[in-house]
1. Going through segment 224-258 one residue at a time, which ones are touching a helix residue (DSSP H, G or I) at 6+ places or on another chain (Cβ under 6 Å) and within 16 Å of ligand 2 (Cβ to nearest atom)?
2. Mind checking which residues of segment 175-202 are more than 16 Å from ligand 3 (Cβ to nearest atom) and farther than 16 Å from residue 238 by Cα?
3. Name, by its number, the condition in (1) outside any loop (DSSP other than H, G, I, E, B); (2) assigned by TED's automatic domain parsing to the domain that holds residue 253; (3) away from ligand 2 (no atom under 16 Å from the Cβ) that does not hold for residue 196.
4. Can you say whether residue 238 is within 16 Å of ligand 1 (Cβ to nearest atom) and more than 60 Å from the chain's Cα centre (by Cα), as far as the supplied structure shows?
5. Hey, can you tell me all the residues within segment 142-156 that are exposed (fewer than 14 other Cβ atoms within 10 Å of the Cβ) and out of contact with any helix residue (DSSP H, G or I) (no Cβ under 9 Å at 6 or more places or on another chain)?
6. Scan 177, 154 and give me the residue that is within 13 Å of ligand 1 (Cβ to nearest atom) and touching a strand residue (DSSP E or B) at 6+ places or on another chain (Cβ under 7 Å).
7. Criterion first (at pLDDT below 90 and either loosely packed, with under 10 Cβ neighbours inside 10 Å or more than 60 Å from the chain's Cα centre (by Cα) (or both)) does residue 42 satisfy it?
Ligand SMILES: [Ca+2]
Ligand SMILES: [Ca+2]
Ligand SMILES: [Ca+2]
């Protein structure tokens, strides 16, 4: 026998089961309400067109970007080319200037060497002139007279021709050699009879100067040379000062004044 309480409990469970069934039914209806209806063929085509259009837009955008990028890169390349050409011109100018500077430097070096050579030459000339001046001063102090490139000294004593020559040689000179009309005129200012450096002792009649040269231009006094009174006159002196032609041959052993010449 089922008790009353058991009947109540069974009745309650039954009611609960009916509620659950009712809620499940309601749930199924609401799910069915939300089910998407199957797509129609027109809708599929529409979606395809939309997707294709989107893809075309993306492709167009990509093409635009690619084109802009190409133009940009081309402009950049052009700029780089111009810059390269500018740099090339700058480099060429620099090289040209460098070459020009090198040439100028070499020219300056040559000028410097020339100047140095000129300076050395001037220094040598200066030393030469100094030596010459010192020599001139020396001869002038010793009583020599300068005329046309030579110093001359008249003796204060009388000697034979040979001793006269020896005296001149001891002074770094020799008996006077007359090479020109001017020198001949110069020699006539001394009024004593003076030996000069001309003789024919080696070969009679062959007149030779003390430097070994042959007589070419002569200034013999009228009638000379004459081996006067058949004496052996082999040495020459200046005897006739008042005449343009003043030379006379005389015995070398005779003693006269003499004139030394030192060529400078
Ligand atoms: Ca002379
Ligand atoms: Ca003679
Ligand atoms: Ca004579």
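The values are calculated or read from the model by the stated rules, or taken from the named source; none is laboratory data. If you're wondering where the values come from, they're calculated on a predicted model, not measured in any experiment. Cβ: placed from backbone, ideal geometry, glycine included. Neighbour counts: every protein chain shown.
1. Listed by number, the residues that qualify are 235, 252.
2. Step one: list which residues in segment 175-202 are more than 16 Å from ligand 3 (Cβ to nearest atom), which gives 175-192, 197, 202.
Correct list: 202 only.
3. For residue 196, the exception is condition (3).
4. Considered against the rule, which asks whether it is within 16 Å of ligand 1 (Cβ to nearest atom) and more than 60 Å from the chain's Cα centre (by Cα), residue 238 comes out as yes.
5. Passing the criteria: 142, 143, 149, 156.
6. So the residue among 177, 154 that is within 13 Å of ligand 1 (Cβ to nearest atom) and touching a strand residue (DSSP E or B) at 6+ places or on another chain (Cβ under 7 Å) is 177.
7. Here the answer is yes, as residue 42 does meet what is asked.
To keep it simple, each residue is scored yes or no on (1) within 16 Å of ligand 1 (Cβ to nearest atom); (2) over 58 Å from the mean Cα position of the chain (by Cα); (3) surrounded by fewer than 12 Cβ atoms within 10 Å (Cβ to Cβ).
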site: 136; (1), (2), (3): no, no, no
site: 140; (1), (2), (3): no, no, no
site: 163; (1), (2), (3): no, yes, no
site: 183; (1), (2), (3): yes, no, no
site: 203; (1), (2), (3): no, yes, yes
site: 210; (1), (2), (3): yes, no, no
site: 215; (1), (2), (3): yes, no, no
site: 245; (1), (2), (3): no, yes, no
